[in-house]
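The values are calculated or read from the model by the stated rules, or taken from the named source; none is laboratory data. None of the values given here were measured: they were computed from a predicted structure. Every residue, glycine as well, gets a Cβ built from its backbone with ideal geometry; the counts of neighbours run over all protein chains shown.
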Amino acid sequence: MGGSTPIITVDKVSKIYGNTNASTVALQDVSLAIASGEFVSLVGPSGCGKSTLLRLIADLDKATQGSLLVNGHAPEVARKNREYGFVFQSPTLYDWRTVAHNVELPLEIMGRAKADWKPRVDKMLAMVGLRDFHDHYPWQLSGGMQQRASIARALSFDPAILLMDEPFGALDEFTRERMNMELLDIWQTTHKTILFVTHSIAEAVFLSSRIVVMTPRPGRIATVIDIDLPSPRTFETRESPRFFELTTIVRETLKEEFVGHESCRL
Amino acid sequence: MHNSVSTPHGVRRQGRGMGRWLRLLAGYLVVFGLVALIWEGSKAVFELPDYKLPHLAQIVEAFGRPTPKGPTWLVLLQDAGYTAFEALVGFTLGSVTGFLMAVLFQRYLPLRRGFLPYVIASQTVPIIALAPMIVVGMGWLGAPPWLSKSIIAAYLTFFPVVINVLRGLESVDRDALLLMRSYAATDNQIFRLLRLPASVPYLFTALKISATASVIGAIIGELPVGSTRGIGVQIVVGSQYNTFNPGFLWATIVMAALLGMGGYALVALAEKRIVKWKREE
């Protein structure tokens, strides 16, 4: 774990969709602090508000109540300061741009010096293993490669924070595990703060330094679990007894909450 | 789906080359043969006279017939060239106007609400009724004779462009827009780097329709009395003398059809060169 100053603070945040007649409470009274350099996963079943929370932090949506601080600023200011890179579940590459030009897009928008584009793009593509795919169009890449390009794009302008919304959710199991390893490498070399949304317990445990377990209706934080698996994590990590214990703890937490919920309704 | 591992260009290109061209040509010939069969067959079965449906050979023969101004095919080609010029001016005028309208409609919702119904209404007016008014009116204003034809061509061209480009500009998905928002991109950047390129394939769909529509527009403009040049004039002449010279009318129709197809082919070629990011068939 990195320093102790929180880089992201979420304080008593609620998000309610709809009007007074028909409203859905997507998030209720959520508080969370993330330290610089942490890898935190938000895990939980669909409808628990994990993606909503990520989007509030990114200022892609506005909170109904409560306050958020991202690198010391309100989310809107942080977004305008380009404090974070965002990775969506779908790679969201622009079809008409080659891989290199996609990675270059934020640099172009942010008006970075043109001379810096190429070295930066080269470095990012080398980091995600797409060195030989500069001039390919997105449709020529596999799903995993497209998502790698999307991660390279999110990091191209060197933001302090990486926000990832189920980035590997659409990939097959093998590709996903390989991408997990690669993401950990990237985290270790770049020292970014990563906030990662997933519904896969195993993925969350494998990747994170901390897991925020969330439950639905209304979306809220059930518990936060420190993951004390040794670093660097390897393929063997997944087979260790501690990995098994930790996934069981997360699963049990979700089950308890779920059962509790059911009995409430009956 | 996108899950296939990347294939180098060379591998995909193998489907091209001579073999593909021969297959295409064979397809065209088979279809032409079928049409010819139905044509001559129905002529024989229903005992259609030449002035209702000439033999295909008569049409071919009509192309070769000499006239005071040279062989028929050359005369028709010159007239088609004139019509092509009118259509091209109209096509350019119409697509530029249509494109600008689509951009304005996308950016300013009140403009769209106010004007789009009229744009649609404009296409329900029978152009055949409007054309003489435009031709006569423009002539009275002292405009060169080709200009009124170009304006009719533009009138038919702009509509598919407005509708398709508007759709293209709006075709960007939510995440693609959110991505722009995450970069704090300006409205102009969102337009230039996202909406505009996303609309290009839609633009080409529109231009293919417009290419043929502009030829039809120019021909319609040539039909009213007083026109002296263009394939439309030859069509009028052909229908007046059809009884005496049954192949000629169809020769003019074939020439007009070739003109429309030529326009379409040019747009399709440009599309192939510009829209390089699409998956090859």
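Taking the conditions exactly as written (surrounded by fewer than 17 Cβ atoms within 10 Å (Cβ to Cβ), within 14 Å of chain A (Cβ to nearest Cβ) and among the hydrophobic types (A, V, I, L, M, F, W, C)), does B:L203 satisfy them or not?
For B:L203, the condition - surrounded by fewer than 17 Cβ atoms within 10 Å (Cβ to Cβ), within 14 Å of chain A (Cβ to nearest Cβ) and among the hydrophobic types (A, V, I, L, M, F, W, C) - is not met.
Scan region A:65-107 residue by residue and report those that are surrounded by fewer than 16 Cβ atoms within 10 Å (Cβ to Cβ) and either part of a helix (DSSP H, G or I) or more than 10 Å from every other protein chain (Cβ to nearest Cβ) (or both).
Scanning region A:65-107 gives A:Q65, A:S67, A:G72, A:H73, A:A74, A:E76, A:V77, A:K80.
Would you call B:H2 touching a Gly at 6+ places or on another chain (Cβ under 7 Å), at pLDDT below 95 and either of a type outside the set (D, E) or not assigned by TED's automatic domain parsing to the domain that holds B:V236 (or both)?
yes
Within region A:12-31, is even one residue basic (K, R) and in a strand (DSSP E or B)?
yes
Checking B:I274 against (1) closer than 27 Å to B:E61 by Cβ; (2) within 14 Å of chain A (Cβ to nearest Cβ), only one condition comes out false. Which one?
For B:I274, the exception is condition (1).
Quick one: which residue in A:K62, A:K15 is charged (D, E, K, R) and crowded, with 22+ Cβ neighbours inside 10 Å?
It is A:K15.
So for region A:23-33 (the condition being under 18 Å from A:I211 (Cα atoms) and small (G, A, S)), does at least one residue qualify?
yes
From the list A:S150, A:S200, A:S240, which one is over 24 Å from A:S46 (Cβ atoms) and among the polar types (S, T, N, Q)?
A:S240
If the requirement is being farther than 16 Å from B:A153 by Cβ, at pLDDT 95 or above, part of a helix (DSSP H, G or I) and not aromatic (F, W, Y), which of these qualifies: B:A213, B:A206, B:A218, B:A257?
B:A257 is the lone residue from the list that is farther than 16 Å from B:A153 by Cβ, at pLDDT 95 or above, part of a helix (DSSP H, G or I) and not aromatic (F, W, Y).
Checking the condition within 30 Å of A:Y84 (Cα to Cα) and either over 18 Å from the mean Cα position of the chain (by Cα) or not assigned by TED's automatic domain parsing to the domain that holds B:M261 (or both), which residue from B:A185, B:A102 passes?
B:A185
Any residue in region B:176-188 that is within 7 Å of another protein chain (Cβ to nearest Cβ) sitting within a Cβ distance under 7 Å of a residue that is part of a helix (DSSP H, G or I)? List the pairs, counting only those 6 or more apart or interchain.
B:A176/B:L194; B:S182/A:R79; B:Y183/A:P106; B:Y183/A:I109; B:A184/A:R79; B:A184/A:K80; B:A185/A:I109
Give the residue that is nearest to the chain's Cα centre (by Cα), with candidates limited to residues of region B:255-280 that are within 21 Å of B:P71 (Cβ to Cβ) and surrounded by fewer than 17 Cβ atoms within 10 Å (Cβ to Cβ).
Among them, the one singled out is B:G262.
As an exercise: evaluate A:A115 against (1) at the interface with chain B (Cβ under 8 Å from one of its Cβ atoms); (2) of a type in the set (G, A, S); (3) loosely packed, with under 15 Cβ neighbours inside 10 Å and give the number of the one condition it does not meet.
For A:A115, the exception is condition (1).
Please determine, by comparing only the residues of region B:156-200 that are of a type in the set (S, T, Y) and not in a helix (DSSP H, G or I), which one is surrounded by the most Cβ atoms within 10 Å (Cβ to Cβ).
Filtering first and then ranking leaves B:Y183.
Within region A:146-173, can you find the residues that are touching a helix residue (DSSP H, G or I) at 6+ places or on another chain (Cβ under 9 Å), free of Cβ contacts under 8 Å to residues at least 40 places away in the same chain and surrounded by fewer than 18 Cβ atoms within 10 Å (Cβ to Cβ)?
Answer for region A:146-173, where residues must be touching a helix residue (DSSP H, G or I) at 6+ places or on another chain (Cβ under 9 Å), free of Cβ contacts under 8 Å to residues at least 40 places away in the same chain and surrounded by fewer than 18 Cβ atoms within 10 Å (Cβ to Cβ): A:D158, A:D172.
Out of B:P54, B:P68, B:P49, which single residue is on the phi < 0 side of the Ramachandran plot and loosely packed, with under 10 Cβ neighbours inside 10 Å?
Every option except B:P68 fails the conditions.
Say we look at region A:126-147 and pick out the residues that are away from chain B (no Cβ under 14 Å) and assigned to a helix (DSSP H, G or I); which of these is farthest from A:P159 (Cα to Cα)?
A:A126
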